[in-house]
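Quick notes on the structure that follows.
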Amino acid sequence: MNPQQFRQALADHGINLTDHQMQQFQTYYEDLVTGNEQVNLTSITERDEVYLKHFYDSITPAIVSPQLQNQSLTLCDVGAGAGFPSLPIKIAFPQLKVTIVDALNKRISFLEKLVDHLGLSDVTLIHDRAETFGAKKSQYREAFDVVTARAVARLSVLSELCIPLVSVSGIFIAMKASQADDEMTAAKHAVEVLGAEVAQTEKLSLPVNNEPRTMIVMNKVTNTPDKYPRRPGVPNKKPIS
Ligand code: SAM
């Protein structure tokens, strides 16, 4: 997907990027490739692949949940790595207030320079683990309208990292490749215990290569019990079952 195809594919969904936004994506692409020489950010560096598998793919949550497009919501991206999915969403919808938390400081340092270079405001970058970031006394607990995560952990683990951050009546969007059904079955109990329920499971495929994707949207229906998330590493070792 070249940049013009990217622009058209989004326009087909009513998302119209300005020349300035297109320039921001070009800058993002260049900084990603340059930054990748110093820090391991991505295995995808070919331009058209970056536009499809990183930029377009990152914006799909705003296609599935159009409320992201029109309001100044607070959005937290857990384990964003090189900024996916939240920074492409932020470029497309600049009114959003974005917070990124990632356990790897080198990636946060890359993002600091990138956000500055792109001239984005209302982006907060935090080096932390989601388990402590969302813990009982954290100011970030249950503080976000929307929480996103892509390629961070299996759903049973991811739910414990992300659902505690979502405010009651907010949403959690988990971006998955094709094998989401088994993960959803395994995570069913965890989702309930953490105070959420699955509202929507959207199967889609990327343009151009038709790669399958599953987007799981959960509603936060009640407060998360204080004991979650457990200590760093515990959700992964012993997922709620
Ligand atoms: N979301 C990005 C994407 O889709 O390209 C990055 C995916 S990368 C495979 C996973 C990222 O999650 C890494 O940057 C890692 O540091 C971060 N991560 C993993 N576990 C985490 C945790 N418990 N708390 C915060 N970040 C975490």
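Compactness check for the chain: Cα Rg over 2.2 N^0.38 Å is 0.96.
If the segment from ASN236 to LEU204 were pulled out straight at 0.36 nm per residue, it would be longer than the present Cα-Cα gap by 8.8 nm. What shape does region 37-166 have by the C-alpha gyration tensor, where a ≥ b ≥ c are the square roots of the eigenvalues, rounded means a/c under 1.5, and otherwise prolate means a/b greater than b/c and oblate the rest? Cα axes put region 37-166 in the rounded bin.
Using 0.36 nm per residue of separation minus the Cα-Cα distance, give me the extension gain between ASP226 and GLU46 in nm, one decimal.
Values: separation 180, 0.36 × 180 = 64.80 nm, distance 4.43 nm.
Here the segment from ASP226 to GLU46 would lengthen by 60.4 nm.
Taking label positions 7 Å along the Cα-Cβ direction at both THR34 and LEU104, the computed distance is 2.0 nm, reported to one decimal.
Distance between the 7 Å Cα→Cβ label points at ILE126 and THR185: 3.6 nm.
No lab work stands behind these numbers, since they all come straight from the coordinates. Please read all numbers here as calculations on a predicted model, not as lab measurements. Please note: Cβ atoms are built from the backbone with ideal geometry, for glycine as well, and neighbour counts cover all protein chains shown.
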